[in-house]
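Here the structure is laid out as C-alpha cells; the discussion comes afterwards.
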Amino acid sequence: MSYLFKTLLISLSLLFFTACSSKNEVKINEQMKSFSLYKNVVVLSAPKTVPSPFSLNLGLGGSLSRHVGVNVGTVLRPDISNDEALNLEKSIAVNNISLENIVKEEFSKQMKNDSYYKNKYVAFGADYTVHLFIPKLVIDSSLFSSNATIKIFIDLEILNKNSDVIYSNSVVNDSFSYNESTLLNNKTILQKALFDSVEKSIAQLIIDMKRS
C-alpha cells in the first residue's frame with residue numbers, strides 16, 4: 001500500500017468520525033432528564049477596595065542624541081475604597097436579609113412554573129446539579145439624581161455526577177430605581193430592590209439555558 005494511499009485512507013477515516021461526532025453531539029437539555037439545585041448559594045463578600053475606573057499616565061522622556069530619543073511610561077490605576085458595595089452589604093446584614101434564600105426561592109419558583117423545566121426540576125436524586133454563585137453586588141448611583149439601582153451578579157454552573165461542569169453562564173440585571181438613602185435604610189425597599197434584580201437575572205438564566 002503506497003504512502004499516498006495510506007494518508008488518504010487515514011484522512012477519510014478522520015473525516016468520517018468527525019462528522020459522526022458532530023451529528024451525535026447532545027445539547028445539555030437533551031442530556032438532562034432531571035436536575036436539582038445545590039442547597040448552598042455562595043455569596044462572596046465585597047472587597048474593601050477596587051481598582052479605580054480612572055488611570056494615570058506617568059511618563060519620562062529624554063534624548064541621547066539629536067536623532068535618538070528614549071521614553072519610559074507607565075499606567076497607574078490606583079485602588080479606591082469600595083464604599084457603596086460595603087454599605088450595601090452592611091445594610092443587608094443589619095436588616096437580617098438572606099440574599100442566599102432570595103436567590104434559592106426565586107430560582108425554585110421560576111423553575112417549578114416554567115412549562116419546559118417544571119417536570120425536570122426535582123428536589124433531590126437528579127443526575128445533574130445547578131450551582132449558583134453571587135460573585136458581586138453593587139449599588140449603581142445616578143449621576144443626575146439621588147436615585148440608585150442594585151445589581152446582583154449571578155453565576156450559574158451545571159455539574160454532572162462526576163462533578164464535571166457541562167454548562168456555565170453569568171448574568172446581571174438592574175433593580176428598579178429607588179432613592180439611594182431609602183434603599184439603604186428601609187428594609188422593605190431594600191428587599192424589593194434585591195428581589196427585582198434577582199428575579200430578572202434568574203429569568204434570563206432560564207431563557208439562556210433553553211437555548212443551549
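The values are calculated or read from the model by the stated rules, or taken from the named source; none is laboratory data. These numbers were taken from a predicted model, which means no experiment stands behind them. Methodologically, a virtual Cβ is constructed for each residue, glycine included, from the backbone with ideal geometry; neighbour enumeration extends over all protein chains shown. Side chains included, ligands, DNA and RNA excluded: accessible areas come from the protein's heavy atoms. Shrake-Rupley method; radii C 1.70, N 1.55, O 1.52, S 1.80 Å.
Laid out as a table, the results:
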{"read-out": "Extreme residue, farthest from residue 174 (Cα to Cα), among residues of segment 102-145 that are open to solvent by less than 70 Å² (accessible area, probe 1.4 Å) and of a type in the set (Ser, Thr, Tyr)", "value": "128"}
{"read-out": "Of residues in segment 152-163 being of a type in the set (D, E, K, R) and modelled with pLDDT of 95 or more, the one farthest from the chain's Cα centre (by Cα)", "value": "157"}
{"read-out": "Residue 94 at pLDDT 60 or above, outside the structural domain of residue 139 (by the TED database) and open to solvent by 90 Å² or more (accessible area, probe 1.4 Å)", "value": "no"}
{"read-out": "Hits in segment 178-212 (condition: open to solvent by less than 70 Å² (accessible area, probe 1.4 Å) and not in a helix (DSSP H, G or I))", "value": "178, 179, 186, 212"}
{"read-out": "Qualifying residue in segment 179-190 (condition: within 20 Å of residue 41 (Cβ to Cβ) and under 21 Å from the mean Cα position of the chain (by Cα))", "value": "no"}
{"read-out": "Criterion (farther than 30 Å from residue 32 by Cα, out of contact with any Lys or Arg (no Cβ under 7 Å at 6 or more places or on another chain), free of Cβ contacts under 8 Å to residues at least 24 places away in the same chain and among the hydroxyl-bearing types (Ser, Thr, Tyr)) met by exactly one of 181, 175, 145", "value": "145"}
